[in-house]
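Heads up, the thing below is written out as structure tokens.
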Amino acid sequence: MRQIYLRVEKNGLTRKVLIDMAFLAKHNFIRLPKYYFEENLYLPYKKEINESSDVEKYMLDKSKIKKEDADFYYFNFPFKFEQVFDTAI
């Protein structure tokens, strides 16, 4: 299974945040440590799996938090792994 990264764009720079792939594969939720959460955090994806579709941003904001515990936020992962767009940054 390949690694999937969330992205944050600030001051003209793009930073990647690694997703816990073991948890995602088993539970189909993105588990994000609370200290990683910030505004403008997104997951790049394609609506269609084919190469010609445009890349869109699935924004992870407070309204999309499904569960929360003392250390983590949990977000739905409403895509197939093939839809997640990865680029070398």
Within the set of pairs 6 or more residues apart or between chains, which connect a residue that is touching a residue at least 40 places away in the same chain (Cβ under 8 Å) and within 14 Å of ILE19 (Cα to Cα) inside the range 60-89 to a residue that is acidic (Asp, Glu) and outside any loop (DSSP other than H, G, I, E, B) with Cβ atoms less than 8 Å apart?
TYR74/GLU68
For the range 1-22, give me the residue count where each residue is under 17 Å from ILE65 (Cα atoms) and exposed (fewer than 15 other Cβ atoms within 10 Å of the Cβ).
0
Of all strands (runs of 3 or more DSSP E) fully inside the range 34-80, the set with 2 or more residues that are in contact with a helix residue (DSSP H, G or I) (Cβ under 8 Å, 6 or more places away or on another chain) is 41-46, 72-76
Per the filter on the range 15-60, residues of a type in the set (S, T, N, Q) and modelled with pLDDT of 90 or more are ASN28, ASN40
Could you look through the range 23-33, keep only residues that are surrounded by 16 or more Cβ atoms within 10 Å (Cβ to Cβ) and part of a strand (DSSP E or B), and pick out the one that is nearest to the chain's Cα centre (by Cα)?
ILE30
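Residue by residue, here is whether (1) touching a residue at least 24 places away in the same chain (Cβ under 8 Å); (2) within 13 Å of PHE81 (Cα to Cα); (3) in contact with a Pro (Cβ under 9 Å, 6 or more places away or on another chain) holds:
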residue	(1), (2), (3)
VAL8	yes, no, no
LYS16	yes, no, no
MET21	no, yes, no
LEU24	yes, yes, no
ARG31	yes, no, no
PHE37	yes, no, no
LEU43	yes, yes, no
Being at positive phi and surrounded by 12 or more Cβ atoms within 10 Å (Cβ to Cβ) is the requirement here; does ASN76 meet it?
no
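The values are calculated or read from the model by the stated rules, or taken from the named source; none is laboratory data. Since the structure is predicted, the reported quantities are computational estimates derived from the model, not experimental observations. Using ideal geometry, Cβ is built from the backbone for each residue, glycine included, and neighbour counts are taken over all protein chains shown.
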